[in-house]
Each structure stands twice: as C-alpha cells, then as structure tokens.
Amino acid sequence: MRLDECLRPPVTFACMTGWRLPSEILPLAWERVDLEAGTVRLEPATTKSKEGRVIYLPEEPIAVLRNHWREHVERFPDCPYVFHQEGKRMFSFYKVWHRACREAGLAGKIPHDFRRTAVRNMVRAGIPERVAMQVSGHKTRSVFDRYHIVADADLREATERLKRLFRGQTITVSITDEESTAISPPATH
C-alpha cells in the first residue's frame with residue numbers, strides 16, 4: 001500500500017492487535033509499553049469498553065517498538081507518544097488513508113477493517129476465541145462474531161484439518177447412553 005511512512009507502524013499494530021486506531025493506538029504513550037516484558041497496556045479510561053487490557057507481543061512487533069524507542073530517545077525525547085508524526089501526536093489520518101487506498105485500488109477500505117483482520121488472523125493462528133476477544137477488546141460475543149467472518153476458505157481449511165486428524169483412525173460415535181458404534185474410515189489409496 002502507498003501509505004505514508006509514519007502511518008505504517010500504527011496500521012501494522014492495528015492489524016496485529018485489532019485495537020482501535022484513533023482511540024487506542026494513536027494516543028498510546030511510552031509509559032504503557034514494557035519492551036523487556038514485551039507488553040503493551042491500555043488503561044481502563046482509554047478503551048471504549050472502559051476495561052483495561054494487557055497484550056503480550058511477539059518478537060517482530062517488539063522489534064518495531066524498539067526501533068521506535070531508539071528514534072524517540074535520539075530525535076523526539078519530549079514526545080510521549082509511541083506513534084507520532086515528527087514528534088507530534090497524530091489525531092486523524094483519514095485524508096491520507098483514503099488517498100493511499102485509492103492509489104492502491106482499494107477504495108472503500110477503512111482503518112476499522114483492521115479489527116476484523118486481526119480477529120480473523122488470531123482465530124486462524126489457533127488462538128482461542130475468548131483470548132482473541134480479550135486482545136482485541138471485544139466485550140461481547142455477538143460483537144466479536146460480527147468481526148469474525150467465516151469465509152469459504154476457512155470452511156475448506158476446516159475440512160482439510162479434519163481429514164488430517166481422522167486419517168486412518170477409528171472414530172467412536174455415541175448413539176445413546178448405553179451403546180456406541182465404532183466407525184472405521186474408508187481406506188484411502
């Protein structure tokens with residue numbers, strides 16, 4: 001995507017966490033980041049649900065944050081924000097966003113779509129849905145389900161996983177409480 005350099009890190013962070021860009025990522029201050037522990041913390045007053053949360057990040061995003069920290073120390077020591085534009089807090093970037101999307105042939109995409117992307121990626125990675133809800137900040141199951149859209153490719157992958165799981169195994173199926181039947185899968189050649 002043809003996104004300005006200063007916007008790439010917060011957009012990447014949004015894609016990984018599912019956090020809200022304007023209210024949770026752009027105002028994120030360094031005091032909420034622990035690079036040693038690999039955590040980022042949101043205080044209750046800073047989230048839509050009014051519930052704080054902590055996430056543990058894998059090495060790649062931590063490396064990005066370490067680079068940002070070095071830049072912070074060297075160039076912008078007075079800026080408290082993790083994601084900024086030349087030491088100034090970013091409040092809105094919609095005009096730049098829409099231009100970049102248009103240039104990339106992705107007109108109509110909105111930054112909030114990254115919440116859906118993050119949820120889908122977490123579920124596909126095998127993260128339990130309840131944990132994905134905690135990371136992304138989805139408070140209710142119904143809202144999480146709106147973001148976790150099951151695509152045709154997801155259904156095909158589920159079938160392939162089941163095939164691998166049951167390949168060559170005998171499956172026991174309970175018909176009633178008293179009886180069960182063993183079903184052997186057909187031989188594959």
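Numerical summary
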| read-out | value |
| --- | --- |
| Filtered residues of the range 59-98 (kept if surrounded by 13 or more Cβ atoms within 10 Å (Cβ to Cβ), touching a residue at least 60 places away in the same chain (Cβ under 8 Å) and over 14 Å from Val40 (Cβ atoms)) | His84, Gln85, Arg89, Met90, Phe93, Val96, Trp97 |
| From the options Val135, Val123, Val131, Val96, residue that is out of contact with any helix residue (DSSP H, G or I) (no Cβ under 7 Å at 6 or more places or on another chain), at pLDDT 75 or above and in the same structural domain as Pro22 (by TED's automatic domain parsing) | Val131 |
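The values are calculated or read from the model by the stated rules, or taken from the named source; none is laboratory data. Keep in mind that this is a model prediction, so the values were computed, not measured. Positions of Cβ are backbone-derived with ideal geometry, glycine not excepted, and every protein chain shown enters the neighbour counts.
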